[in-house]
Amino acid sequence: MRATLTDVAREAGVSAATVDRVLNNRSGVRSRTREVVIETAQRLGYIADETPGSVRPTSMPTETIRLDFALPAGTNIFMQTLRAELEEQGAQREGVEVHVEAIEGFDPAALARTLQDLKGKTQGVGVIALDHPVVREAIRALSASGVKVVTIASDILNVPRAAYVGIDNRAAGRLAGYLVDRFVRTRPGKVALFAGSLAYRGHEEREMGFRHILNEEAQGLRIVEMREMLDDREKAYAEACALLDRHPDLAAIYNVGAGNSGIARALRERNRQQEVVFVAHDLTDSTKALLLDGTLDAVIDQNPRVEAREALNILIHDIRGLPYDGHPPRLQVIFKENIP
């Protein structure tokens, strides 16, 4: 089936109206957005490569590029969606071969071994990486061998990487703190934090941002619990049950990582879903349902489709020695009333 204008808008991460303005050469669109729309329309076959204003290079290398991505395994729906987007978008790019490896558990040694095994087999690697010495050394070794590396969703500092693709996680944590403060501002209360693993710099940065804004602006709120769930919904359920029993006056929960369905189950079983403010991350079918029934008050979203697109584009352009001006994902707060 031929791609539609709606398909182009969805893949480019913009509105259909923006696509229409770009393809009809109307004003009011940033140059970088215009390039993304044209590139996406060409890739999907909606317009021909020779369309005026094309940004496709005139001498694209023909050899196949192999790209590998190392993502956490498990029940985290965001990770599953990101994997699907990487595979689908990779398949649409001519001369690109994409492989995605799922790493079991929060095991830095297993991740490091996976990265080490890719040396000499691939030209580019994208990784959601635990910030650990063995992982940092594996990334340094890959980069020294000529492999281009991007970090996705959670960054690692002081390693040679082409780019970080993801949201500002510290800003995301501050945004979560702001929302919690606004929801419970008229009363003092206790707040609990859940995280996947603070070995992810992204989760650590969200926690840091959350704590900072509560200290700065929410004098009546105090954090009473912090639990790491390893993105396991059953563990999240058990810990949330124990938490609610220990703190019958709990005012709010901020979940930094996955496991939202487990926390929601505990809230519903104790009939606390309407009185405990619940803020979480990543818009999925599950979190949409929790927003609609009122269990979740707000979701801070990062777009896995955009992150997949940017990771692929950055690696491909870097490997081919071509310039690329990134179009990073943006933070978006989703409430019941603005579910897309």
> Leaving out ligands, DNA and RNA, what percent of the accessible area of the range 86-161 is carbon and sulfur, probe 1.4 Å?
Replying inline: 45
> Once you charge only the Cβ atoms, +1 for Lys and Arg and -1 for Asp and Glu, what is the size of the charge dipole of the chain about its Cα centre, to the nearest 20 debye?
Replying inline: 580
> Tilt of helix 77-91 relative to the longest C-alpha principal axis of the chain, in degrees (0 to 90, nearest 10)?
Replying inline: 0
> Which trypsin sites (Lys or Arg not before Pro) from the range 75-167 combine a DSSP loop assignment with at most 14 other Cβ atoms within 10 Å?
Replying inline: Lys121
>> Considering only protein heavy atoms and a probe of 1.4 Å, how much of the accessible area of the range 174-328 is carbon and sulfur, as a whole percent?
In response: 46
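Can you tally the net charge around Val127? Count Lys and Arg as +1, Asp and Glu as -1, for every other residue whose Cβ sits under 10 Å from the Cβ of Val127.
Here the count lands on -1.
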>> Could you compute the net charge surrounding Lys235? Neighbours are other residues with a C-beta less than 15 Å from the C-beta of Lys235; K and R count +1, D and E count -1.
In response: -3
>> Using only the alpha-carbon atoms, how far is helix 201-217 inclined from the longest principal axis of the chain? Give it as 0 to 90 degrees, nearest 10.
In response: 50
> If you line up the long axis of helix 133-144 against the longest principal axis of the chain, both from Cα atoms, how many degrees apart are they, to the nearest 10?
Replying inline: 10
>> Could you derive backbone 3J(HN,Hα) for the range 225-231 from the dihedral phi with the Karplus parameters 6.51, -1.76 and 1.60 (θ = phi - 60°), listing whole Hz in sequence and x where the residue is Gly or Pro?
In response: 9, 9, 10, 9, 9, 6, 6
> Heavy-atom accessible area per residue, the chain, 1.4 Å probe: how many Å²?
Replying inline: 45
> Tell me, what HN-Hα J-couplings in whole Hz come from the Karplus equation 6.51 cos²θ - 1.76 cosθ + 1.60 at θ = phi - 60° for each residue of the range 314-323, using x for Gly and Pro?
Replying inline: 4, 5, 4, 5, 5, 5, 8, x, 10, x
> What is the list of residues in the range 210-241 whose amide nitrogen lies under 18 Å from a point 7 angstrom out from the Cα of Thr75, following Cα to Cβ?
Replying inline: 227-241
>> For the chain, what is the number of Lys pairs with C-alpha distance below 27 angstrom, counting only pairs 8 or more positions apart or on separate chains?
In response: 8
>> As a test, work out the antiparallel percent of DSSP beta bridges whose residues both lie in the range 190-340, rounded to the nearest 5.
In response: 15
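Say R0 is 51 Å: what FRET efficiency, to the nearest 0.05, do Ser31 and Lys235 get from their beta-carbon distance? Mind dumping the intermediate values first?
Details: r = 47 Å, r/R0 = 0.92.
Using R0 = 51 Å, I get an efficiency of 0.60.
The values are calculated or read from the model by the stated rules, or taken from the named source; none is laboratory data. Note that the structure is a prediction, hence the values are computed from the model and not measured. Because the Cβ atoms are built from the backbone with ideal geometry, glycine has one as well, and the counts that use them run over all protein chains shown. Ligands, DNA and RNA are excluded from the accessible area calculation, which covers all protein heavy atoms including side chains. Shrake-Rupley method; radii C 1.70, N 1.55, O 1.52, S 1.80 Å.
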